[in-house]
Structures are given as C-alpha cells and as structure tokens.
Amino acid sequence: MHSLIFITALIGFASCKPCANEASNNELILSLNKDLLRSLENQGGLPNPSMHLALRLSKHHNLAKESEHLTKLKTHLHNDIQSSLSNSQPVVGIMALYTLALKSSCFNLHTVTFTVRERTETLLVHLKKQMDREKDHIAYTQRPLTNYYQYSLGVLALCVSGIRVHNHISHKLIKAVEHLEGIHIDSYAMAGMALQCVKDDGSHVHNPAELDTALSSIKLKLLAAGRADGHIGNEFSTGLAVQALLAMGSPVSECGAAMEAMRTDARNNTYHNPMAISQTLPALQRKTYLHVKTKECLNEDDTLVLEPLEPVTVIQSNIKVSVTVEVVSVSGVVTAFPVEIPTDSSLLQALELLQEKSIGFTFKLESSLWGPYLSEVNGEQARQSDRRYWHLSSDGTALTEGIKDFKIVGAQKITIKNTIY
Ligand code: B12
C-alpha cells in the first residue's frame, strides 16, 4: 500500500514538473507582454511599428490599446514617412515595418497611400520602388543604400503582403548571404525570414537551387553563432535568430538553449528597451514575422490588462565613479575627458555632464527606434552616407547597448571612435 502511494506521488511529481515550468514560462511571457503594452504609453516620439507587430503576434491582447496605437501609426508615423519620401530619403526599413504592423492588424494595405510630386500611389507600390532603388544601388556600389537588414525587411514585407518579389531583388539578397563577410547575425536572421517567405511563395522560379543553398547557409551561420550560454550572436540578436530558425523549419527542440537564454535575460531585465522586447517576445511564443502572412484577426483574446504600478522613486547613489571618455576622431586624434558620475548613471548622463562642464566636449543625437543614437561628437559627424559611425566601447569591449541604456557601475574608460563599417 505504502509503495503504491509512493509510486503515485512520484508519477504525480514527474508529470507536474513540466506543467510547473510551463506555467512559469507563461507568466514570464505575460509579464513581458504587459511591459511592452505599458511602454506604448511611455514612448516619446513616433509610434513604434515593431512594438505594434509584436503585440499583434502575441497570444493575449488589449484590443482597445492596440487599436489606439494603430491609429497613431496611421497618422504620426505615416506623416513622418510621407515627409521622408518627399525629401527623397531612403525609408525602406521603416516603411517595411509599417507595412508589417498594418498587416498584423489586418488593415487593408491597398487603402494606404503616399503622395510624392503630386502623384498618389499605394504604400506597397512605394515599397516596391524603394526596393528597386536599393537594388540599383547594390548593382552600382555592391551595397544597399541603407543596409541588408532593411533590404531583407523590405523583401519580407512585400512577400507577406502577397506581392510577388522580383527575382532580381531576391537574387541580390541571396548573393549577399553567400559572399559578404561581417554581416550582423540580426541581418542573417532577417534575410532568413525574408527568403523563406519567398520560397514558400514559390516565386523564385529562375533558380530555386540557389535559394535553397542560401537558406541552408543562413541556418548554418545562425547555428554557428550559438554561444555556450545559449545565445545566438548576443542577447539582442537571439530573438530574431530563433524566429528565423523556426521560420526555416527548425524544430523547437533545436532552439531549446536559445529559448532558455532568452528567458534568463527576461528574468534579469536585460530587455528593458521595448525594441528588444518586440524582437524577442514573438520568438518566446514560437511565433515569427512570417505568421503575419496568415493572420486573420478573428476571435482574438482581449484579456491583457495593466495593473496600476506602484510609484518607484529612483534615489541617485552618492557613490561616485571616475570615468574617462576618450574620443578618437576621424583623423585618429585622441582626446580624453575625465568625469565623476554617480554610480548607475547612464552613459548619456555622463556625456551630458561632460558637455555641461564646457571643457570642449560636445555631442548630438538622432532619434531611432532603439532610442538616442550618437551621431556627432565635438562637431564631427559620423554619417551613414559615408559609412561611418561612432563606435562605443568600454575598456576595449564593444558595448551591446546604446548610450541611454548602458549603465556605468564602476570606474572605466569609454571609447567613442569614428569608425568605418
Ligand atoms: C545596421 C545596424 C547598425 C549600423 C547602422 C547604420 C546602417 N545604415 O547600417 C551601425 C553599424 C552604424 C550600427 C551601430 C551600432 N549598433 Co547597431 N544595429 C544595426 C541593425 C543590424 C539594423 C538596424 C536597422 O537598420 N533597423 C531598421 C530600421 C528601420 O530601424 P531604425 O531604428 O530606424 O534603424 C536605425 C537605428 O537602429 C540606428 N542604430 C543602429 N544600431 C543602433 C544601436 C543603438 C543602441 C541605437 C540607439 C540606434 C542604432 O541605425 C539604424 C539605421 O539608421 C540592428 C539589429 C536589430 N536587431 O535591430 C543593430 C543593433 C540595433 N545595434 C546595436 C548596437 C549595440 C549598436 C552600437 C551601440 C554598437 C557599438 N558598440 O558601437 C552602435 C551605435 C552607436 C551609436 N553611435 O549610438 C544593437 C542594439 C542593442 C541594444 N540593446 O541597444 C543591435 C540590436 C544589434 C545587436 N544584436 O547587438 N548598427
């Protein structure tokens, strides 16, 4: 009798363990989902289409808040893209994200138009034109006007919207995957999702074998970028990498270590930037951007509610740390600026303090989906058009976060170097 109770208890325990794990994983996902929804309200600047996309791909929804955000996208973001188009700026990435966001809300894309030089055409026609511009630029200079991440986003957005992607366009991406070195893992992931969509569509008819080869090498590159701690690339590329592997048909079990790494990051609050949540949350729910293609928006759950938050008072530490900010200009001239800051300040706060001291250090920012991007230091710009940027590192190690997110907890040397890419 005793042994029977013991065996029953053992079976009960063994079968409940995965349930307990699943319950805590679901709780974690729900909490990330709420963080993302909450940050819609705290976002200054333009409404973010990547956040919208992730909310729409989620299992749980707050339909009123999502619909409110959709309206903001259709007005504020739309007007911003309209003015970039009027100024002939390349906008393929943001336009593709806008398309994906609208499609994820099952909005009729054929009713969305932009007017340039008195000619009104639909969003998808403009996206196609942007892609042609990028393709021609690759033909002349071997590089897109923007980057391959945005080029892939463009292919993906056209493809999930049911637009046949021209062979010449996908061919350029296939060639980049095969021949280019030094592409971000994030860009391979985006290329994987884009090319998988093209494959599923059956539209790359001229040379299906080259498409299969590209997809296999993307998969190999992603798997080879797997680290011992489970991440693929780094903390912020793992979500997209897992999305790509799932989209390309990898079984969930092949992504187990990466999934666990993302859950650990989520528990440690690594994903405090809403952009990071937006790229990770779909992967944690085994969803990929390809799911937008078949989204029907019927009978959706509407249970996601935000509990009021306890007000948190941030007390700035009295402990100060010494930081040296070293600026390496385009001509290689190195200038060092020492500053004392309260521990746990952001790099942005350190730079602001230095600027206030009027000792010759100045900087300018540009806003982006990831937050403030450092574009100018001491009057010197590092421009995308010249393929240059201000690279950030701490004691020789490249930062994996931007100036607003990176927190300074100990004495260190920050190097800001005008770098070519
Ligand atoms: C391409 C790219 C770059 C290019 C951008 C220029 C170009 N035309 O190619 C270059 C090489 C310059 C670059 C620089 C950096 N990058 Co970068 N970049 C990307 C990538 C692959 C695609 C961005 C993009 O085009 N998005 C699509 C468009 C539509 O969105 P967007 O917001 O308008 O895009 C602009 C901004 O994102 C901006 N940008 C690019 N990187 C970063 C990083 C930060 C922190 C900010 C605020 C802005 C920013 O440049 C984009 C093009 O204009 C993303 C990958 C990803 N998962 O998002 C990483 C990514 C955003 N970058 C990252 C990082 C860490 C950096 C650097 C801080 C690296 C460093 N140590 O210096 C610097 C930025 C420093 C600064 N001056 O402020 C991280 C950010 C993670 C985080 N938690 O903040 C990502 C997610 C890559 C990763 N997995 O680590 N990057």
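The values are calculated or read from the model by the stated rules, or taken from the named source; none is laboratory data. Here the structure is a predicted model, which is why all the values come from computation and not from measurement. Glycine also receives a Cβ, built like all others from the backbone with ideal geometry; neighbour counts cover every protein chain displayed.
Just a yes or no: is a residue in the stretch 161-183 in contact with a Cys (Cβ under 7 Å, 6 or more places away or on another chain) and surrounded by 14 or more Cβ atoms within 10 Å (Cβ to Cβ)?
Taking every residue of the stretch 161-183 in turn, at least one turns out to be in contact with a Cys (Cβ under 7 Å, 6 or more places away or on another chain) and surrounded by 14 or more Cβ atoms within 10 Å (Cβ to Cβ).
From (1) buried (at least 21 other Cβ atoms within 10 Å of the Cβ); (2) out of contact with any Lys or Arg (no Cβ under 9 Å at 6 or more places or on another chain); (3) farther than 24 Å from Glu22 by Cβ, pick out the condition that doesn't hold for Val292.
(2)
Within the bounds of the stretch 205-225, is there any residue that is surrounded by fewer than 19 Cβ atoms within 10 Å (Cβ to Cβ), among the hydrophobic types (A, V, I, L, M, F, W, C) and closer than 17 Å to Ser152 by Cβ?
Looking for residues that are surrounded by fewer than 19 Cβ atoms within 10 Å (Cβ to Cβ), among the hydrophobic types (A, V, I, L, M, F, W, C) and closer than 17 Å to Ser152 by Cβ, one finds at least one in the stretch 205-225, hence yes.
Suppose we filter Ala228, Ala257, Ala276 for residues that are crowded, with 19+ Cβ neighbours inside 10 Å and modelled with pLDDT of 95 or more; which single one remains?
Ala276
Considering only residues that are surrounded by fewer than 16 Cβ atoms within 10 Å (Cβ to Cβ) and of a type in the set (Val, Ile, Thr), look in the stretch 369-407 and name the one that is nearest to the ligand (Cβ to nearest atom).
Thr400
Could you tell me whether Arg133 is at positive phi and charged (D, E, K, R)?
In short, no.
Might you check whether a residue that is surrounded by 20 or more Cβ atoms within 10 Å (Cβ to Cβ) and not in a helix (DSSP H, G or I) occurs anywhere in the stretch 63-75?
There is no residue in the stretch 63-75 that is surrounded by 20 or more Cβ atoms within 10 Å (Cβ to Cβ) and not in a helix (DSSP H, G or I).
Given the structure, is Asp186 modelled with pLDDT of 95 or more, assigned to a helix (DSSP H, G or I) and within 16 Å of the ligand (Cβ to nearest atom)?
yes
Would you check if there is a residue in the stretch 101-111 being closer than 22 Å to His137 by Cβ and crowded, with 18+ Cβ neighbours inside 10 Å? It would help to see each step written out before you state the result.
Within the stretch 101-111, the subset closer than 22 Å to His137 by Cβ is none.
The answer is no; no qualifying residue exists.
Please name all residue pairs, on different chains or six or more residues apart, with Cβ atoms under 9 Å, provided the first residue is in the stretch 106-120 and is part of a loop (DSSP other than H, G, I, E, B) and the second residue is small (Gly, Ala, Ser).
Phe107/Ala101; Arg117/Ser86
Looking at Asn147, is it within 16 Å of the ligand (Cβ to nearest atom) and of a type outside the set (Ser, Thr, Tyr)?
yes
Exactly one condition in (1) more than 10 Å from the ligand (Cβ to nearest atom); (2) acidic (Asp, Glu); (3) part of a loop (DSSP other than H, G, I, E, B) is false for Glu326; which is it?
(3)
Pairs, please: C-beta under 6 Å, at least 6 apart or cross-chain, first residue small (Gly, Ala, Ser) and in the stretch 380-403, second more than 6 Å from the ligand (Cβ to nearest atom)?
From the stretch 380-403, the pairs are Ala382/Arg388; Ala382/Asn418; Ser393/Thr415; Ser394/Gln412; Ser394/Ile414.
Of the conditions (1) under 28 Å from Leu156 (Cβ atoms); (2) not assigned by TED's automatic domain parsing to the domain that holds Asp186, Thr313 fails just one. Which one is it?
So Thr313 meets the others, but not (1).
How many residues are closer than 22 Å to Lys404 by Cβ and either in a helix (DSSP H, G or I) or touching a residue at least 24 places away in the same chain (Cβ under 8 Å) (or both) when one looks only at the stretch 35-62?
The total comes to 18.
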